[in-house]
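Trainee: Let me give you the structure first, and then I'll get to my questions.
The values are calculated or read from the model by the stated rules, or taken from the named source; none is laboratory data. What you see is a predicted model, and the numbers here were worked out from it, not measured in a lab. Cβ sites come from the backbone with ideal geometry, for glycine too, and all protein chains shown count toward neighbours.
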Amino acid sequence: MSAPLQFMPRRTSKASLEEMAAITPILAQLRFSDDDIVRLLSVNTPGGLEALRQAAYDLTTAEVGNKVFYRGIVELSNICVLDCYYCGIRKSNRDIERYSLTKDEVIETALWCAEAGYGSCVLQSGERRDKRFVDFVEDCVRKIKTRSVSETLPQGLGITLSLGEQRLETYQRWHAAGATRYLLRIETTNRELFRKIHPEKQSIETRLQALDDLKSAGFQVGTGVMIGLPGQTLEDLAADIRFFEGRDIDMIGMGPYLMSQGGAMRTEGMLEKHKLMPLALKMIAVTRLVLRDVNIASTTALQALEHDGRERGISFGANVTMPNITPRAVRKNYQLYDNKPCTDEDTEDCRSCLEKRVVSAGREVGWNEWGDSRHFGRRQSGSI
Ligand code: SAM
């Protein structure tokens, strides 16, 4: 099945036709050079964009199927020991009210996912590494796991963690407690750019080590980047895709960089919406073409840019979406960037509006399924 055409005007311009002719042979390839990747990322006509979208959409169907999987995201705390300059919940932002959900709140919220038919949840938070936090997460994971087992979910909920850089031992404990996937974005692989958007003491080496540790702890490993960072080039983004490939990554979660009033990059601005949205969609599509069988999330930040951003992400090759199920009372305090969507919507509203979004992109929802990364399955069985 194919999603409806999205970007083709009724009459195809000469520029569109020329670009389609130029990229058609590239789209037919199984392997891509760095130049090919940059060429696809620089597509700039409606016809070129549609050809790229269609190729990525069809490859998604062939490699990972027609289903989109839900992971309900619980933002369990906005307390953070880090000071990432782009982020609205960074340690130095004094203008937000800090919160932490109780253990019962985390567990009950996650269990709502199981009842709603979402096969998985994500526990995300600002960064903490203290013993109390590590024990807290371990206990939440263990209890969510045991309490979510049912006829429809015989293995319990699938649990993804997105809790930042931790020690190997911590990753091992959380994995043993029952979490099987972990999302830790590299943010950018350009070292100079990484340095500019983080304080001196946060190093890219620590993050690379954390990605290695996650793999050795047995997790399905997810990473990703912010797209459209001030100073970022198409070559940087192409290098990011190569990085995902080289590291044999199982899951990708990436989205547009959006300015935050609470961040420390306000003077640098952000890419205009009419450039940022297509760039983010092209990154999803090209990542799909290069990595093929990984899970790719259509992230909330896409919806902050456009009301139909998530379904656009799905039609460009994403197969996972992460509805926000954080209790409404605290959701407004997890403002990573300005205009974060769904902050005042009910979890139930999100559930029904999301299904419509998935169907409108020509896909179906994988109710009550974990939807694990096929790439991880192949990596485990040694078939790649
Ligand atoms: N502390 C964990 C970590 O760093 O992985 C999880 C929470 S962190 C807030 C989750 C992600 O939010 C980051 O990886 C970053 O890419 C994204 N993020 C933060 N500020 C953002 C912004 N201004 N625009 C887009 N994404 C942003």
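Trainee: Of Gly377, Gly371, Gly362, which residue is of a type outside the set (D, E, K, R), at pLDDT 85 or above and under 15 Å from Arg71 (Cβ atoms)? Outline the logic, then answer.
Mentor: Numbers: Gly377 fails: under 15 Å from Arg71 (Cβ atoms); Gly362 fails: under 15 Å from Arg71 (Cβ atoms).
None of the others qualify; the one that does is Gly371.
Trainee: Then there's this: Under 8 Å between Cβ atoms, which residue pairs at least 6 apart in sequence (or on different chains) link something in the stretch 243-255 that is within 13 Å of the ligand (Cβ to nearest atom) with a partner that is β-branched (Val, Ile, Thr) and in a helix (DSSP H, G or I)?
Mentor: Within 8 Å, the pairs are Ile252/Thr287; Met254/Ile284; Met254/Thr287; Gly255/Thr300.
Trainee: Still on this model: Tell me, please, whether a residue that is at pLDDT below 95 and under 28 Å from Ser216 (Cβ atoms) can be found in the stretch 320-327.
Mentor: Yes, there is a match, as at least one residue in the stretch 320-327 is at pLDDT below 95 and under 28 Å from Ser216 (Cβ atoms).
Trainee: Now, a different point. Could you go through the stretch 111-122 and let me know if any residue there is within 16 Å of the ligand (Cβ to nearest atom), surrounded by fewer than 17 Cβ atoms within 10 Å (Cβ to Cβ), among the β-branched types (Val, Ile, Thr) and in contact (Cβ under 8 Å) with a residue 60 or more places away in the chain. Steps first, answer last, please.
Mentor: Within the stretch 111-122, the subset within 16 Å of the ligand (Cβ to nearest atom) is 121-122.
From what is left, the residues that are surrounded by fewer than 17 Cβ atoms within 10 Å (Cβ to Cβ) are none.
No, the conditions are met nowhere in the stretch 111-122.
Trainee: Oh, and also: Among residues belonging to the stretch 168-199 that are under 19 Å from Phe219 (Cβ atoms) and aliphatic (A, V, I, L, M), point out the one that is surrounded by the most Cβ atoms within 10 Å (Cβ to Cβ). Break it down into steps so the answer makes sense when it comes.
Mentor: To start, the set of residues in the stretch 168-199 that are under 19 Å from Phe219 (Cβ atoms) comprises 168-187.
Right, trim to aliphatic (A, V, I, L, M) and you get 168, 176-177, 179, 183-184, 186.
Values: Leu168: 14, Ala176: 13, Ala177: 18, Ala179: 28, Leu183: 24, Leu184: 23, Ile186: 21.
Per the stated criteria, the residue is Ala179.
Trainee: Next up: So for the stretch 210-218 (the condition being in contact (Cβ under 8 Å) with a residue 60 or more places away in the chain, surrounded by 20 or more Cβ atoms within 10 Å (Cβ to Cβ) and either touching a helix residue (DSSP H, G or I) at 6+ places or on another chain (Cβ under 6 Å) or assigned to a loop (DSSP other than H, G, I, E, B) (or both)), does at least one residue qualify?
Mentor: Keep residues of the stretch 210-218 that are in contact (Cβ under 8 Å) with a residue 60 or more places away in the chain, which gives none.
So far as the stretch 210-218 goes, no, none of its residues is in contact (Cβ under 8 Å) with a residue 60 or more places away in the chain, surrounded by 20 or more Cβ atoms within 10 Å (Cβ to Cβ) and either touching a helix residue (DSSP H, G or I) at 6+ places or on another chain (Cβ under 6 Å) or assigned to a loop (DSSP other than H, G, I, E, B) (or both).
Trainee: Looking only at residues in the stretch 56-77 that are part of a helix (DSSP H, G or I) and touching a Ser or Thr at 6+ places or on another chain (Cβ under 9 Å), which one is surrounded by the fewest Cβ atoms within 10 Å (Cβ to Cβ)?
Mentor: First, the residues of the stretch 56-77 that are part of a helix (DSSP H, G or I): 56-64.
Going one step further and asking which of them are touching a Ser or Thr at 6+ places or on another chain (Cβ under 9 Å), we end up with 56-58, 61, 64.
On the way: Ala56: 25, Tyr57: 24, Asp58: 16, Thr61: 18, Val64: 23.
So the residue we want is Asp58.
Trainee: Let me ask something else about it. From the list Ile197, Ile186, which residue is in contact with a Phe, Trp or Tyr (Cβ under 8 Å, 6 or more places away or on another chain) and farther than 19 Å from Asp34 by Cβ?
Mentor: The match here is Ile197.
Trainee: Scanning for something surrounded by 19 or more Cβ atoms within 10 Å (Cβ to Cβ), of a type in the set (Asp, Glu) and out of contact with any Cys (no Cβ under 7 Å at 6 or more places or on another chain), does the stretch 348-368 turn up at least one residue?
Mentor: No, every residue in the stretch 348-368 fails to be surrounded by 19 or more Cβ atoms within 10 Å (Cβ to Cβ), of a type in the set (Asp, Glu) and out of contact with any Cys (no Cβ under 7 Å at 6 or more places or on another chain).
Trainee: Considering Asn333, Asn339, Asn324, which residue is out of contact with any helix residue (DSSP H, G or I) (no Cβ under 9 Å at 6 or more places or on another chain), within 16 Å of the ligand (Cβ to nearest atom) and polar (S, T, N, Q)?
Mentor: So the residue among Asn333, Asn339, Asn324 that is out of contact with any helix residue (DSSP H, G or I) (no Cβ under 9 Å at 6 or more places or on another chain), within 16 Å of the ligand (Cβ to nearest atom) and polar (S, T, N, Q) is Asn333.
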